[in-house]
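These notes are about the structure you will find just below.
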Amino acid sequence: MIQLACHKVKCPFSLIKQSRLVFASKDAIVMLDQFPVSEGHMLVIPRKHVANIYELSSKHQATIWMAVMRARTIAIKKYAPAGFNIGFNDGKAAGQTVGHAHIHVIPRYAGDRPDPRGGVRWVLPDKAKYWRE
Ligand SMILES: [Zn+2]
């Protein structure tokens, strides 16, 4: 069974497998990432097809953020992570490959990296480490 999330032709979020669906609200779909970087990696996707979160009204953005919080709560209950990295790739230069905005909710687990310090700073590995040992 599939859930319609977006009506745009050729959008990868136009059809979503029911098995990947975490929950759906009036404004957002939350699903498990097809290629998870950690157990419970979810995508929060606005139902409206926009390339960038900032194309949504501030009220709509607030409902997306509420869906992020709900996804985080579900992940805590189901997977018991030790932390999260939450964010999105804004533009091709930042690594955005899908033209429909979405927010990654990535549960983190103790020991999943030898030294997790810096978190999202590691998108640019050469500059991530700013501290001295
Ligand atoms: Zn779309």
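The values are calculated or read from the model by the stated rules, or taken from the named source; none is laboratory data. Here the structure is a predicted model, which is why all the values come from computation and not from measurement. Please note: Cβ atoms are built from the backbone with ideal geometry, for glycine as well, and neighbour counts cover all protein chains shown.
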When residues of the range 4-23 are limited to those that are of a type outside the set (Lys, Arg) and away from the ligand (no atom under 13 Å from the Cβ), the one modelled with the lowest pLDDT: 18
Filter result for residue 114 (closer than 22 Å to residue 21 by Cα and in a loop (DSSP other than H, G, I, E, B)): no
Members of the range 39-60 found to be surrounded by fewer than 17 Cβ atoms within 10 Å (Cβ to Cβ), within 14 Å of the chain's Cα centre (by Cα) and more than 16 Å from the ligand (Cβ to nearest atom), listed by number: 39
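The rows are residues; the columns are (1) farther than 14 Å from residue 102 by Cβ; (2) within 15 Å of the chain's Cα centre (by Cα); (3) aliphatic (A, V, I, L, M).
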position	(1), (2), (3)
22	no, yes, yes
28	no, yes, yes
31	no, yes, yes
80	yes, no, yes
83	yes, yes, no
Answer residue from the range 77-93, given it is assigned to a helix (DSSP H, G or I) and in contact (Cβ under 8 Å) with a residue 24 or more places away in the chain and is farthest from residue 122 (Cα to Cα) among those: 78
Residues (within 16 Å of the ligand (Cβ to nearest atom) and surrounded by 15 or more Cβ atoms within 10 Å (Cβ to Cβ)) located in the range 77-100: 88, 89, 96, 99, 100
Residue ID - nearest to the ligand (Cβ to nearest atom), chosen from residues in the range 24-36 that are closer than 17 Å to residue 62 by Cα and in contact with a strand residue (DSSP E or B) (Cβ under 9 Å, 6 or more places away or on another chain): 29
Near pairs, Cβ below 8 angstrom, 6+ apart or cross-chain, from the range 26-38 (among the basic types (Lys, Arg)) to any residue that is assigned to a loop (DSSP other than H, G, I, E, B): 26/47
Of all residues making up the range 1-38, the number that are closer than 21 Å to residue 72 by Cβ, out of contact with any helix residue (DSSP H, G or I) (no Cβ under 9 Å at 6 or more places or on another chain) and buried (at least 18 other Cβ atoms within 10 Å of the Cβ): 3
